[in-house]
Structure formats: C-alpha cells, structure tokens
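Notes for the one structure printed next.
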Amino acid sequence: SKTVENQYLQYVGALMRQDILSGHRAVHPLLIRSGWTKEVVNEWSDKADLELASLENKMSLRIRLAWGRRRAEPGKPAPPLPELPPASDPEDTPGRRNFPYFFVYDTQEESKKQAAIRNQDKPKEVPFHPASTRTVKKE
C-alpha cells in the first residue's frame, strides 16, 4: 500500500540522513592534508550540521550506478533472472515503481542534457584554496 511504502521511504531517508550527518566528518583528514586548516574544516562541518539538522532545504545525493551480472560461463550469457510474481496492482511491482527523484537515462546525450539543466544554477567559482598561495622552490 502507499502508506506502507511512504513509511518505508521515510525510514530509509532518516537512515540516510543519519549517515550523512556523521559521514561528512570522515573527509576531515583529507581536507586538512590538502591544505585547509583544522579550524576552517571544523567550521564547515558545524555549519553543515546546522543546515542538515534544520530540514529547511531538501537534501539530495546523486549516485551513479551501473548494473551487471556474472556470466554463466566464459563466452556465455548470464543466467536468466527469476520471474517476479504478478502483482495485484501494477504500481506495486518491485522494480517498476516511479519513485520521485529516481531517473533512468537511456542515452548519454539525455544524461548530459539533464546534467546541464541541474548544474545551470550552481556556483562557477570554487572556494579559495590555501595551497594556491604556496610557492614551489626550484632547486
């Protein structure tokens, strides 16, 4: 039913949000090694925590994925997938749901066109990086 599906999606969304809340701190060592100060990185994380906790903005995470199956033998096709049992309601058939924010692109051109639309309002300039002020000594 739609109610059960909505509860499931809300539960999965809450788990993903918890992962993001704790996961962004995992990149601290990488940022610090690349030149950012610990204070700046902590400030960004604190601001990210506030933004994520406020729930004012919708969060999204873009994941690219390719799907494949192991061949039965070298040079042979993959074994057939098991048949799905028929659903009483076609919208309840697993794998055929039309979830919001789930997109499948059939061609590279279609994917690139949608990426251009998504990226049109993104900032064009990256933040100033402290490593850009370093001078390289020539020996």
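The values are calculated or read from the model by the stated rules, or taken from the named source; none is laboratory data. Nothing here was measured: the structure is a model prediction, and the numbers come from that model. Note: ideal-geometry Cβ built from the backbone for every residue, glycine included; neighbour counts use all protein chains shown. Side chains included, ligands, DNA and RNA excluded: accessible areas come from the protein's heavy atoms. Shrake-Rupley method; radii C 1.70, N 1.55, O 1.52, S 1.80 Å.
Does Leu50 satisfy being touching an Asp or Glu at 6+ places or on another chain (Cβ under 8 Å) and modelled with pLDDT of 80 or more? Steps first, answer last, please.
Numbers: touching an Asp or Glu at 6+ places or on another chain (Cβ under 8 Å): no; modelled with pLDDT of 80 or more: yes.
No.
Okay, residues lined up against (1) at pLDDT 75 or above; (2) part of a loop (DSSP other than H, G, I, E, B); (3) surrounded by 10 or more Cβ atoms within 10 Å (Cβ to Cβ):
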residue: Arg96; (1), (2), (3): no, yes, yes
residue: Phe102; (1), (2), (3): no, yes, no
residue: Asp106; (1), (2), (3): yes, yes, no
residue: Ala116; (1), (2), (3): yes, no, no
residue: Asp121; (1), (2), (3): yes, yes, no
residue: Lys124; (1), (2), (3): yes, yes, no
residue: Ser132; (1), (2), (3): no, no, no
Inset, instruction - Can you run down the residue pairs with Cβ atoms below 6 Å, 6 or more apart or on separate chains, where the first is in segment 1-24 and surrounded by 11 or more Cβ atoms within 10 Å (Cβ to Cβ) and the partner is in a helix (DSSP H, G or I)? - result: Leu21/Leu52; His24/Ala48
Inset, instruction - Could you tell me which residue of segment 47-76 is least open to solvent (accessible area, probe 1.4 Å), considering only residues that are under 21 Å from the mean Cα position of the chain (by Cα) and farther than 25 Å from Gln10 by Cβ? - result: Gly68
